[in-house]
Amino acid sequence: MFDQIGMDELAYSSRMVEWAPLGKLCFVLGLLILGLVTNNILVPIVTFCIGIFLMAYSTNMRLPTIIVLAIAESVFIMVIGCGVVSILGSHSDPAIFQGKVLWFEMYMTVYSFNFAWLIFFRAIAGVTLMLAFASSTPIPHLAQACRRLHLPAEITEIVVLIYRYAFLLLERFVVMWDAAKGRMGFRGAMQSLRTTAMIFVGIFISSLEISERSEAALDSRNYRGSFPVYRMPRQTSWVWVVGTVMLVAVLYLIGVETSGCIDMASLLGVA
């Protein structure tokens with residue numbers, strides 16, 4: 001439960017915790033959609049900088065270990081995916097790099113290289129913006145925002161329950177992993193595969209046990225399908241909507257007027 005406690009403390013101690021949850025969500029979604037519709041790499045770079053600033057303002061970059069690992073994993077996936085995109089250029093364009101590894105043919109063009117960087121900044125901007133939102137919005141505030149959006153109550157409560165009890169499974173996974181490691185369960189490739197499979201089977205069985213105990217615990221506490229919120233978050237005002245629309249419009253116009261101003265291939269000396 002330490003990661004959940006860390007996330008809860010991080011959200012409640014954030015400088016942005018008093019901001020309206022729906023307003024923050026509207027702002028983040030507006031910038032995410034903007035990054036998807038524009039083809040100018042300058043716009044995702046600007047939205048990435050906004051996301052980094054919001055994360056720094058919200059948390060001073062003090063993130064729980066699980067979040068740091070999630071960021072590292074997502075960046076690793078982005079690098080691999082964008083690298084694959086960069087070497088799958090069209091043969092109708094001149095190549096700046098080509099080769100062949102086993103049966104895999106690599107053909108990099110200026111367009112594919114720049115497009116890969118565009119995808120990378122779109123993805124990393126989305127990660128920073130969503131983390132800025134998640135690290136400043138406690139789960140009760142998010143649930144209340146979902147209710148105000150008239151989402152089905154069942155979906156809202158499932159989201160809350162998954163968030164609450166996923167950390168129980170994560171804690172159990174860490175305990176079983178450390179126990180197996182202390183007993184040399186990862187000595188050799190085949191032994192590591194067997195141990196990992198046994199751990200995942202144990203996690204599945206533990207999830208059933210935790211669900212039964214949790215259901216009994218909720219029933220004993222008079223749970224009726226919703227968690228009460230005693231301190232309601234702020235409601236969204238028109239300022240959030242108007243401000244988001246204006247910022248998105250300005251960034252979109254800047255992207256249109258400065259189209260092609262940043263050429264990553266020329267900037268990095270590839271072309």
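Listing for the model above:
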{"read-out": "Amide proton proximity set for Leu88, modelled H, under 5 Å, gap of 5+", "value": "Tyr107"}
{"read-out": "The chain - percent relative contact order, Cα under 8 Å, separation 6 or more", "value": "33 percent"}
{"read-out": "Separation in nanometres of the label points that stand 7 Å from Cα toward Cβ, at Val201 and Val256", "value": "6.1 nm"}
{"read-out": "Förster radius 51 Å - calculated FRET efficiency between Glu9 and Arg194, Cβ distance, rounded to 0.05", "value": "0.85"}
{"read-out": "Förster radius 45 Å - calculated FRET efficiency between Trp177 and Leu247, Cβ distance, rounded to 0.05", "value": "0.55"}
{"read-out": "Contour excess over end-to-end distance, with Cα ends at Gln235 and Glu105 and 0.36 nm allotted per residue", "value": "41.4 nm"}
{"read-out": "Size of segment 1-104 as Cα extents on the principal axes (Å, biggest first)", "value": "54, 31, 19"}
{"read-out": "Cβ-Cβ FRET estimate between Ile210 and Ile77, R0 fixed at 41 Å, reported to 0.05", "value": "0.90"}
{"read-out": "Segment 10-81 and segment 131-165: distance between their alpha carbon centers, rounded to Å", "value": "18 Å"}
{"read-out": "Neighbour-limited loop hits for trypsin sites (Lys or Arg not before Pro), segment 127-204 (at most 12 other Cβ within 10 Å; DSSP other than H, G, I, E, B)", "value": "Arg183, Arg187"}
{"read-out": "Average accessible area per residue (Å²) across segment 133-271 - probe 1.4 Å, nucleic acids and ligands excluded", "value": "69 Å²"}
{"read-out": "Furthest towards positive pole of dipole, Cys82, Gly269, Leu31, structure part the chain, Cβ charges", "value": "Leu31"}
{"read-out": "Nonlocal amide H pairs with Ile96, under 5 Å, H built at 1.01 Å", "value": "Met108, Thr109, Val110"}
{"read-out": "Charged-residue dipole, Cβ positions (Lys, Arg, Asp, Glu), the chain about Cα centre, Debye nearest 20", "value": "420 debye"}
{"read-out": "Surface/4 estimate of mean projected area, convex hull on alpha-carbon atoms of segment 52-96, nm²", "value": "4.7 nm²"}
{"read-out": "Gaussian network model of the chain, Cα within-10 Å springs - most flexible of Gly255, Gly188, Gly99", "value": "Gly188"}
{"read-out": "Relative compactness, segment 99-256, computed as alpha-carbon Rg over 2.2 N^0.38 Å", "value": "1.57"}
{"read-out": "Over the chain, volume per residue of the alpha carbon convex hull, in Å³", "value": "186 Å³"}
{"read-out": "Mean Kyte hydropathy of 1.6 or more with a Cα span along the axis of at least 18 Å, helices from DSSP in the chain", "value": "21-37, 42-59, 65-86, 110-134, 238-257"}
{"read-out": "Gain on full stretching of the segment that runs from Ile162 to Cys49 - 0.36 nm per residue minus C-alpha separation", "value": "37.6 nm"}
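The values are calculated or read from the model by the stated rules, or taken from the named source; none is laboratory data. Quick caveat: nothing in here was measured; it's all calculated off a predicted structure. Positions of Cβ are backbone-derived with ideal geometry, glycine not excepted, and every protein chain shown enters the neighbour counts. Ligands, DNA and RNA are stripped out before the accessible areas are found, and what is left, the full protein with its side chains, is counted by its heavy atoms. Shrake-Rupley method; radii C 1.70, N 1.55, O 1.52, S 1.80 Å.
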